[in-house]
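Structure first, commentary second.
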Amino acid sequence: MTGESATSTGGNEALAGRWQGALMDNYGLPRLPLVRGEGARFWDADGRVYLDFLGGVAANSLGTAHPAVVEAVSRQVASLGHVSNHFIAEPTVRLAERLLDLFGGRPGRVFFCNSGAEANEAAFKLARLTGRPHVVSTEGAFHGRTMGALALTGQPGKRAAFEPMPAGVTYVPFGDVEALRAAVTTDTAAVVLEPIQGENGVVVPPQGYLTAAREITAATGTLLILDEIQTGIGRTGHWLAAMAEGVQADVVTLAKGLGGGLPIGATVAFGAAAELFGPGSHGSTFGGNPVSCAAALAVLDTIEAEELLGHVQRQGDKLRKGITEIGHPLVDHVRGSGLLIGIVLTEPLSAQVQQAAQDAGFLVNAAVPGAVRLAPPLVVGDAETDALLAALPGVLDEVYRAAHAEPAGQ
Ligand SMILES: *Cc1c(COP(=O)(O)O)cnc(C)c1O
């Protein structure tokens, strides 16, 4: 390969080949090279355009290249890009104050990091500092890939190759109040829950589950840690999904949508839990860096200024209703909240739906074989949701016909 061709962008095939030559294979080959984005649109390296119903996995809250994020990040990196935790940067302080305020103004403190897994690592370490040995998580949960976050992840297949895990974690069926009650004792440091299990295919627990979890943990002095990494920051049409039920956790973890595409994670603790870390307990070189914090502040300002929480509820209702009304034999039902939507299939064909949707110009996600996930940018508009609803019958038909076709030659 010449020096010139090795550094040029190339088309889809060339970029995929370069990826395979230089990147570790932990993701397999990603589905598509993308070279540019704008709002809820992406362009691939062959120049094809896609409507984005995945949002960088619920991370691009304002889509790609939103002017508010571009402006905030550009201004910040041009004036104060990184200071480390030896120094104070004002945007970091402002973001912590802002989050505490948005989450109800209870006394609390924030630890900033760079990802969801790190936010959960910090929460796990807080739990250990209670002095209690036991942590309860749920089956099917996803809390991240680092060792502590992985130990909290209720998917044995993801953990198996990396045993032994940090000890003391048990798993109960998600959504089962009595199983949770039976598992939690005064030896339980924390219960860790997602308000909706996103990676597990947008699994919504029964109404009242979080309220019951709050009561159960309060009775034993156990921390309630809510992983709102996927559900938080407007994704369900509320600042936090738990706020819809009026549930106040001891610890909330955030990442994904908070940075509007820039890497940031946050562990927000309230009351006594906020005082567990002391000097030396934990840290991160880049955590709370002013550039990511400026992006997050722009995201929060824009959600507020453009009244996106109501918009998310309306677009989410429209999508769920519209997909249900297609009445397709491949769709069992549609679940989720706001713009975190799971299309539950009657057959495990989500990978085929993902591919057919992509061929039709829509990026969706085969979260699990039996369910397709939608998590578009919160700014997704009628033009895009109408286009998806118009295209879906054809996409579903194509997958259904291919799956039920007579084998060739018969
Ligand atoms: C994505 C996700 C994580 C992990 O976040 P990373 O930034 O990939 O480390 C943890 N918990 C939930 C609920 C998530 O959706």
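Assorted remarks:
- Identity of the residue in segment 284-300, crowded, with 23+ Cβ neighbours inside 10 Å and among the polar types (S, T, N, Q), that ends up nearest to the ligand (Cβ to nearest atom): Ser292
- Listing of strands (runs of 3 or more DSSP E) fully contained in segment 165-283 that carry 3 or more residues being surrounded by 23 or more Cβ atoms within 10 Å (Cβ to Cβ): 188-193, 223-227, 251-254, 265-270
- Only residues that are among the aromatic types (Phe, Trp, Tyr) and either more than 17 Å from Arg98 (Cα to Cα) or assigned by TED's automatic domain parsing to the domain that holds Leu339 (or both) were counted in segment 241-284, giving 1.
- Of all residue pairs spaced 6 or more apart or on separate chains, those with beta-carbon atoms under 6 Å, a first member in segment 142-153 that is more than 9 Å from Glu118 (Cα to Cα) and a second member that is part of a loop (DSSP other than H, G, I, E, B) and near the ligand (Cβ under 6 Å from one of its atoms) are Phe142/Glu199; Leu152/His143; Thr153/Phe142; Thr153/His143.
- Filtered residues of segment 204-223 (kept if within 15 Å of the ligand (Cβ to nearest atom) and touching a helix residue (DSSP H, G or I) at 6+ places or on another chain (Cβ under 8 Å)): Leu210
The values are calculated or read from the model by the stated rules, or taken from the named source; none is laboratory data. These figures come from a predicted structure and were not determined experimentally. Every residue, glycine as well, gets a Cβ built from its backbone with ideal geometry; the counts of neighbours run over all protein chains shown.
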